[in-house]
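Okay, structure first, notes after.
The values are calculated or read from the model by the stated rules, or taken from the named source; none is laboratory data. Everything numeric here is computed off the predicted structure, so don't read it as measured data. Cβ coordinates were reconstructed from backbone atoms using ideal geometry, including for glycine residues, and neighbour counts include every protein chain displayed. Remember, those area values only see protein heavy atoms, side chains included, never the ligands or the DNA or RNA. Shrake-Rupley method; radii C 1.70, N 1.55, O 1.52, S 1.80 Å.
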Amino acid sequence: MNQELQNFIQDYVTLLQEKYNQSLIKTEKSQNEADAAFYQGASFTYYDALDILKSQLEAFGYEIESFNRIVPEFGKPKKL
């Protein structure tokens, strides 16, 4: 993988992880069940996107060790 592609993927992963973390915070701070359910759904969506990206990198033979941990433990914020 060339350096430009690796930088792009790492930035994309970081942005998704930040959105995942924000959705977890918003879930905790929700004032009602409907808002909490919405942000829980958002959390799952970001988690799923990260998991799919990791799976695709592995399927195409890229070494995912060159990236920081892509998929966080579900329901827990990813330390950036």
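Pairs linking a residue in the stretch 45-60 that is under 18 Å from F8 (Cβ atoms) to a residue that is open to solvent by less than 50 Å² (accessible area, probe 1.4 Å) and outside any helix (DSSP H, G or I), with Cβ atoms under 7 Å and 6 or more positions apart or on different chains, are L50/I70; L50/V71; L53/I70; K54/I70; K54/V71. Taken over the stretch 60-80, the criterion of being in contact with a Leu (Cβ under 8 Å, 6 or more places away or on another chain) and outside any loop (DSSP other than H, G, I, E, B) is satisfied by I64 alone. Selection of the stretch 29-80 for residues being over 14 Å from the mean Cα position of the chain (by Cα) and of a type in the set (K, R) yields only K29.
Quick check on my filter: what residues within the stretch 8-54 are outside any helix (DSSP H, G or I) and open to solvent by less than 80 Å² (accessible area, probe 1.4 Å)?
Matches in the stretch 8-54: S30, N32.
Of everything in the stretch 22-80 that is touching a helix residue (DSSP H, G or I) at 6+ places or on another chain (Cβ under 7 Å) and of a type in the set (K, R), the residue that is farthest from E4 (Cα to Cα) is K26.
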